[in-house]
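What follows is a single structure, written as structure tokens, with notes after it.
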Amino acid sequence: MDTVSGAQAAGPRAAAAVLLFATLAATCDAGAAAAAGGDAAAPRPAAAREFARRLAAAGRAEVYLTRRFEDPLAGGEVVMHGRLALEPPDRARIEFDETGERVTLRGDGGEWLQPQLEQMLRFGANGAMGALRWWTLFGGATGPGVTERRAGPREWVITMPSSGVAGDSARVELDAAGLPRRIVIVEEAGTPVTYTLEGWRFTKPRGRAAFVLAAPEGYETFELGK
Amino acid sequence: MRRGAARAAAAVLLLAAGGCAGPPPAPALLDLERLERRHEALLDARRARLRGTVAELSLWLETSARRWPGAHATYGIGGPDTLRLRVASSFGTALDLAAAADSLWLWVPAERAAVRAAAGEPPLSLPAAAAFAVRTAAATWPVPATAWRASRPADTLTVVRWIEAGDTLELGVGSSGLPRRMRLVRSGMRPVRVTYLGYGPHEGTPWPERFEVEDEGGSLRLSVRVRRVWRAGAGDAERWRPQVPNEAEMLDPEVLWRRIAEEWTP
């Protein structure tokens, strides 16, 4: 097993930012918010309220997602499909159909399974830094420097203090039920990436084990720092 | 059963005898001309597809110090000396490299840092580096006609050798006419070897699908597996250059290399 620090973790960090609504799960749990450095008494972002209420009542949220962005190098739009699952206090799991990739994020780190490369990357709590930043926000606190601006009848722009990591702000659009249906994050070099979320389901939680990945036999595992 | 075993043994003995018979004979002139024509036809077909070709690939890098995690990447070829390579995952870009005859750009989003080097600036010989990258990816090694006359056999390959801008290039061509291995010798650096392990179809033409680039000192080996290749049109010049934000820190190449090395050091 190899250990790598820093640069390779940029992917999961960016992923963590992308999974911003994964972090909404924390809105249900004041304890998790405090653990993530948030202030449980502070007002929760308006864009997250209905989602947080439904998740608190059920314990688990699942949604189909589509990721789209224009890629001039590839000569067109890149589209990926997947699923996102969230559970309080700090768990997210994303799966992509086209690549077979699986990513899990927890307060104590996570794993990233990459079948095409026959490898698994494992990162610690620091590797999930980006996610934890959003945990702080959606854990019930707006936090210093965080702003939420209404951009339309069901649309908000949420901005984090700049961290040097992609995904410092997101435009969130809610559906008629008040659940997020579209998130646009401007990634590196100003490329907007749109996530469309469809078919929200709120079910019973499956627990931590559903958010821990194991490498299949023959896969190489790399540790990405602590 | 026994007869079959005897035949197999005879075959092995014949092969062994052949193996002891010294180096294989030089290809007959007619065979050589046929091979040259085959090679040229395939080379022309690949060259005709250069501009605008894009490929999704997996990369594995091994250095003398360690084996790095594999990565997903995309390359795009803008011409014989223009190539952009973006190493990225489903969640963002790790690095974006663009090599052209007159410039080299490297953009590392996680560092919010970029490097731009112009042609002629040390330590890179940009025209050669960009052309080398394209030739490696597309196996478009231009063998001069004179080199075929002086070819020699090596294993099952025909090896042609020529000198280009002070570099010595040796190309091993299979009987199909496709490059199988290439060796570049440049004064002051270790010889570099490219081994083509497999070709796949690209618009009906064989295109490098699996290849390795390594230095003969064993300090670096890059393994490449192309997963998908297509042509997306040439596009404008901007397509072959990373979109580096204005606020990106522009670094001296050596500073960025050092920073990356520190970041990646366990």
Residue match in segment A:61-68 (condition: among the acidic types (Asp, Glu), within 14 Å of chain B (Cβ to nearest Cβ) and not in a helix (DSSP H, G or I))
no
Residue satisfying all of: in segment A:54-90; closer than 29 Å to B:Gly233 by Cβ and aliphatic (A, V, I, L, M); surrounded by the most Cβ atoms within 10 Å (Cβ to Cβ) among these
A:Leu73
Does segment A:190-212 contain at least one residue that is over 22 Å from A:Leu84 (Cβ atoms) and surrounded by fewer than 17 Cβ atoms within 10 Å (Cβ to Cβ)?
yes
Test B:Trp257 against the stated conditions and say whether it is open to solvent by less than 90 Å² (accessible area, probe 1.4 Å) and modelled with pLDDT under 85.
no
Given (1) farther than 18 Å from A:Thr104 by Cα; (2) at pLDDT 80 or above; (3) within 14 Å of chain B (Cβ to nearest Cβ), identify the lone condition not met by A:Val165.
(2)
Can you spot a residue in segment B:238-252 that is modelled with pLDDT of 85 or more, within 14 Å of another protein chain (Cβ to nearest Cβ) and surrounded by 18 or more Cβ atoms within 10 Å (Cβ to Cβ)?
no
Conditions (1) surrounded by 17 or more Cβ atoms within 10 Å (Cβ to Cβ); (2) within 26 Å of B:Pro109 (Cβ to Cβ); (3) modelled with pLDDT of 90 or more: number failed by B:Val192:
(2)
Which condition breaks for B:Leu85 when tested against (1) within 12 Å of chain A (Cβ to nearest Cβ); (2) more than 16 Å from A:Gly75 (Cβ to Cβ); (3) free of Cβ contacts under 8 Å to residues at least 60 places away in the same chain?
(2)
Out of the residues in segment A:213-226 that are surrounded by 12 or more Cβ atoms within 10 Å (Cβ to Cβ), of a type outside the set (A, V, I, L, M, F, W, C) and over 20 Å from the mean Cα position of the chain (by Cα), which is modelled with the lowest pLDDT?
A:Glu223
Residue hits (segment A:186-217; in contact with a helix residue (DSSP H, G or I) (Cβ under 6 Å, 6 or more places away or on another chain) and within 14 Å of chain B (Cβ to nearest Cβ)) are A:Glu188
Of (1) crowded, with 21+ Cβ neighbours inside 10 Å; (2) within 20 Å of B:Glu238 (Cβ to Cβ), B:Trp105 satisfies every one except (1)
Test result for B:Gly70, closer than 23 Å to B:Ala232 by Cα, free of Cβ contacts under 8 Å to residues at least 60 places away in the same chain, of a type outside the set (A, V, I, L, M, F, W, C) and within 14 Å of chain A (Cβ to nearest Cβ)
no
Condition test on B:Glu214, is it free of Cβ contacts under 8 Å to residues at least 60 places away in the same chain and in contact with an Asp or Glu (Cβ under 9 Å, 6 or more places away or on another chain)?
yes
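Out of segment B:134-156, which residues are of a type outside the set (Gly, Ala, Ser) and open to solvent by less than 20 Å² (accessible area, probe 1.4 Å)?
Initial filter on segment B:134-156 (of a type outside the set (Gly, Ala, Ser)): B:134-136, B:140-144, B:146, B:148-149, B:152-153, B:155-156.
Across segment B:134-156, the qualifying residues are B:Val134, B:Thr136, B:Thr140, B:Trp141, B:Val143, B:Trp148.
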Single residue of segment A:91-138 satisfying the filter (modelled with pLDDT of 90 or more and assigned to a loop (DSSP other than H, G, I, E, B)) that is most open to solvent (accessible area, probe 1.4 Å):
A:Glu118
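The values are calculated or read from the model by the stated rules, or taken from the named source; none is laboratory data. Values in this document were obtained by computation on a predicted structure and should not be read as measured data. Neighbour counts are summed over all protein chains in view; Cβ atoms, including those assigned to glycine, are modelled from backbone coordinates with ideal geometry. Surface areas here come from the heavy atoms of the whole protein model, side chains and all, with no ligands, DNA or RNA. Shrake-Rupley method; radii C 1.70, N 1.55, O 1.52, S 1.80 Å.
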